[in-house]
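Inspection log for the structure reproduced underneath, given as structure tokens.
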Amino acid sequence: MTTYVALLRGINVGGSKKVPMAELRQLLTGLGWTGVRTYLQSGNAVFITDDGDPGPLLERTLAAHFGFEVRCLVLTAAELRAVAAACPIPADELDPAKVLVMFLEQAPEPGALDGVDREAHAPEEFRLVDRAVYCHFPDGMGRSKLPDALAAALPGTLMTGRNWRTVRRLIELTS
């Protein structure tokens, strides 16, 4: 049995793609998955299963139940801990609401983010490590154009971001 974390992308934002967390927990439990927990309304779920790759089944189940596509990044608890451990930004010393991890479906080609103008986004910063882009927003994320620039540099790549507080909480939930 493996503990997984599912990061649902683009739900419960601006009144569209509503996925109530209680309903999500019921769906996951209905798949035979155990230890199901959710965190916040932004689509974070922890569960245990022996299904080898639960992502496709989760996406099909969500689409069938809610009537719209929900892309999901699914990581093992070990993968999530590794992403946190690899953070090149001193996240634990900063405001956790100002540190964002952009989880990527796959590692991009070398140099994929070279075209993102770091000076244009200063004092914001970002670093790519394998399948995660770590960002620091000293002045907050609210008006930042950096996430859009990163997404534009990685067209077609499934990505979803979580702030450092959420990353730490999800690690706690997998324990």
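The values are calculated or read from the model by the stated rules, or taken from the named source; none is laboratory data. For clarity, every value in this text was computed on a predicted model and none was experimentally measured. FYI the Cβ positions are ideal-geometry reconstructions off the backbone, even for glycines, and counts take in every protein chain you see. Accessible surface areas use protein heavy atoms only, side chains included; no ligands, DNA or RNA. Shrake-Rupley method; radii C 1.70, N 1.55, O 1.52, S 1.80 Å.
Things to note:
- Where V101, V36, V13, V129 fall by accessible area, highest first, once all protein chains stay in place (1.4 Å): V13, V129, V36, V101
- For V19, the residues whose modelled amide H falls within less than 5 Å of its own, excluding neighbours fewer than 5 places apart on the same chain, are N12.
- Label-point gap, in nm, between I48 and S144 - each point 7 angstrom along Cα→Cβ: 3.5
- Ordered by solvent-accessible area of protein heavy atoms (1.4 Å probe), largest first, the residues I11, I171 come out as I171, I11.
- Kirkwood Rh in Å, taken over the range 89-159 so that all alpha-carbon pairs contribute: 12.4
- Principal axes of the chain: Cα extent on each, largest first, Å: 49, 32, 29
- Within straight-line reach of K145, meaning a Cα separation under 21 Å, sit the following lysines at least 8 residues removed in sequence or on another chain: K98.
- D139 - accessible surface, heavy atoms, 1.4 Å probe, Å² rounded to 10: 130
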